[in-house]
Amino acid sequence: MCGILGTVYDRQVPTEWLDLRPLQHRGPDAQNSLVQGTAHLGHTRLSIIDLASGAQPMSDVYKRATIVFNGEIYNHAALRRELEGAGHHFATRSDTEVILAAYLEWGVPGFARLRGMYALALYDRRKRSTVLARDPFGIKPLFWTQTPQRLHFASELGALLSLAGHQPDLDLTSVLETLAHRYAYGTHTLYQGVQRLEPGTALIVADRLDMARSVRFVDLTQEVERHRQELGYGVRRIPAGEVEARVADSVSHHTIADVPLGCFLSGGLDSSVVAQRLSADCAGPLRAYSVGFQGAQSEVSELPHARVVAAAIGAELQEVEVGPADFADLAPVLSGSPNGPFADPADVAMLKLSLAAACDVKVVLSGEGGDEAFAGYPKYAADRYAGLLGPAMKLARAPLGRRGRLGIAADALAEPRRAVRWMRWFENDAAPAPLVSALLAEGAQPRRALSWVEDRVARYPAGWSDLQRMQVLDLESWLPNNLLHRGDYTTMQASIEQRVPMLDLSLTPWAVALPDHEKLSGLRGKMPVRRAFAHHLPKQVLERPKSGFRLPLGEWLRSDPGLRAMAHDHLLTPGARLRGWLGGQDLERLLSPQALATTGGAKLAWTALCLELWLGAAQPQPVTA
């Protein structure tokens, strides 16, 4: 895991310094840059594989291409043997050099052979072109922006804006989408003219910047359809042994490292499965990390479940306590930069957990992606009843609102249009209504996200079930633009690498392609995983319903002096950026004891605070309505 950034020029590269400091936290072990042709490539290294000779930027032995790369390639040893048989020579043991050889042998289509997570930039001397590429699941981020003379790229938005040397205008539609849906859809970012490279895609920049073109080298839709055809359309039961073998194979590949590794353990099914497989292959006790919250006796805590799993598999569990002081200290770290806002309270907990893990290990595995792969979210099972329950839900929607799981289900199931319904399941209830209205008044386009979703859904094969469509839609949007982006940022702030074995080309498309009856039973999902690991994990873990982070945020905002003072200092000051969109009375109401007494009110206040922190860094001048 590392950080990359650089610039591609229209003509000769000027002799200017490439500032790597904005990405030093992503690569504290080494920083270097190199000019090759029209490209200036920069790299900050977190050493994981081939510690002695894996420095970047790296060229192949014949100096035909040079690369900077962020991520890990888990099948690099097998690819190395194949490429050596084709006549390639290697000077290191690193996976980076294997990527170079794969590209030189197979071109951009060769990236489809890489099993791993990656964002890369390479300069090809033979073709005098620069290639940017990103892994098929979007596990590793890559942002880019272009002017007539230059194309800039970086692993993080803040580093990209620093490199570009100017502060672009906000994309108000993306701000609206982030508030309403938790993230901006497609390739859009919070800034006008700044894009994220689409997963499974390469951007090829030849002699002329205006001739840059995108090439897709892996399409998840095609991968799922290929597995669906191979599985056939029968009703046979997938053997539990096959599921276990595929999961075990992915976890095993994800352990390749020359440094210590551990795992995040919530006590949920996915993280428990990953931890069990890791522990089974570990020479000594597995290091596992779990989070708990101060004063959360009345809330749902993950720690009892994590303790049960750790005891069952013989893991060494470190419990990390998060309290209001951590929220006051770490929220500015997460949201107080051009990279934010990170308004989900779970992000603070993840950063604290990552900082604790970084004291012992450089790599952590997590269960991210298991819900999307094996249909674990409750919405997947509930959505099957949209046609049956839709009329009743229309009547129940108004009195229920979007309060609790039943209210959210009623709001979604009442909608007959699939694209709209599928967006509503994960709609954000913590978007201040006056702020949404202000953004709409300034020209934010509420239909842009829906158009993207409708276009995506229309491309899925006619033979797919709605469940498979929902899963792939989440794999193409909810994961790369939200969960994986947040996971990458929080772990890299602590200079550790997060790996996600449930997202693997040999596992995930196959899991999505499984028939609906294999994945769902009534209102329960992930049935193949539950059956496969029934003899490895405690019964209470296998039967535990899906739950997220629960914490007493409203109580902390009301009663903790430090956190309360921070919120008031940022939101109620006359210079608050949000005052350009919200009136002073609106902001005061958000922080009133009455508003903070409800879970929804606490989330509204926290969202506003994180947005204010981000606006202070992203917009030096106050926002004007």
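Pairs are defined by a Cβ separation below 7 Å, a sequence spacing of at least 6 or placement on different chains, a first member in region 604-615 that is within 11 Å of residue 590 (Cβ to Cβ), and a second member that is among the charged types (D, E, K, R) and part of a helix (DSSP H, G or I); the pairs so defined are 612/577. Evaluated against (1) among the hydrophobic types (A, V, I, L, M, F, W, C); (2) at pLDDT 95 or above; (3) closer than 27 Å to residue 346 by Cβ, residue 510 falls short on exactly one condition, (3).
The criterion of being more than 20 Å from the chain's Cα centre (by Cα), over 30 Å from residue 282 (Cβ atoms) and outside any helix (DSSP H, G or I) does not hold for residue 397. Scoring residue 395 on the criteria (1) farther than 24 Å from residue 479 by Cα; (2) touching a helix residue (DSSP H, G or I) at 6+ places or on another chain (Cβ under 6 Å) leaves a single failure, condition (2). Region 488-588 holds helices (runs of 4 or more DSSP H) entirely within its bounds, and those carrying 1 or more residues that are among the small types (Gly, Ala, Ser) map to 508-513, 527-532, 553-559, 561-571. Meeting the requirement of 1 or more residues that are more than 20 Å from residue 108 (Cβ to Cβ) and β-branched (Val, Ile, Thr), the strands (runs of 3 or more DSSP E) wholly within region 14-84 are 30-36, 39-45.
Just a yes or no: is a residue in region 386-393 at pLDDT below 95 and assigned to a loop (DSSP other than H, G, I, E, B)? Within region 386-393 (the criterion being at pLDDT below 95 and assigned to a loop (DSSP other than H, G, I, E, B)), the answer is no, since none of the residues qualifies.
Taken together, 277, 287, 246, 226 contain a single residue that is over 23 Å from residue 356 (Cα atoms), among the basic types (Lys, Arg), at pLDDT 95 or above and surrounded by 15 or more Cβ atoms within 10 Å (Cβ to Cβ), which is 246.
Conditions tested, residue by residue: (1) surrounded by 23 or more Cβ atoms within 10 Å (Cβ to Cβ); (2) of a type in the set (Lys, Arg); (3) under 19 Å from the mean Cα position of the chain (by Cα); (4) assigned to a helix (DSSP H, G or I).
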residue: 159; (1), (2), (3), (4): yes, no, yes, yes
residue: 186; (1), (2), (3), (4): no, no, yes, no
residue: 199; (1), (2), (3), (4): yes, no, yes, no
residue: 204; (1), (2), (3), (4): no, no, no, no
residue: 215; (1), (2), (3), (4): no, no, no, no
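Scan region 389-408 and tell me whether some residue there is among the β-branched types (Val, Ile, Thr), surrounded by fewer than 17 Cβ atoms within 10 Å (Cβ to Cβ) and either outside the structural domain of residue 611 (by TED's automatic domain parsing) or in contact with a Pro (Cβ under 6 Å, 6 or more places away or on another chain) (or both). So far as region 389-408 goes, no, none of its residues is among the β-branched types (Val, Ile, Thr), surrounded by fewer than 17 Cβ atoms within 10 Å (Cβ to Cβ) and either outside the structural domain of residue 611 (by TED's automatic domain parsing) or in contact with a Pro (Cβ under 6 Å, 6 or more places away or on another chain) (or both). Figure legend. Inter-residue proximity from region 539-564: first residues closer than 20 Å to residue 268 by Cα, second residues of a type outside the set (Gly, Ala, Ser) and in a helix (DSSP H, G or I), beta-carbon distance below 6 Å, spacing 6+ or different chains. Indicated pairs: 541/309; 542/530; 546/378. Can you tell me which residues in region 320-348 are within 24 Å of residue 190 (Cβ to Cβ) and not in a helix (DSSP H, G or I)? Within region 320-348, 336, 337, 338, 339, 340, 341, 342, 343, 344, 345 meet the criteria.
The residue list 277, 196 contains one member that is touching a strand residue (DSSP E or B) at 6+ places or on another chain (Cβ under 7 Å), among the charged types (D, E, K, R) and within 30 Å of residue 348 (Cα to Cα), which is 196.
The values are calculated or read from the model by the stated rules, or taken from the named source; none is laboratory data. The model shown is predicted, which means the values in this text are computed figures rather than measured ones. Glycine gets a Cβ as well: all are built from the backbone with ideal geometry, and neighbour counts include every protein chain shown.
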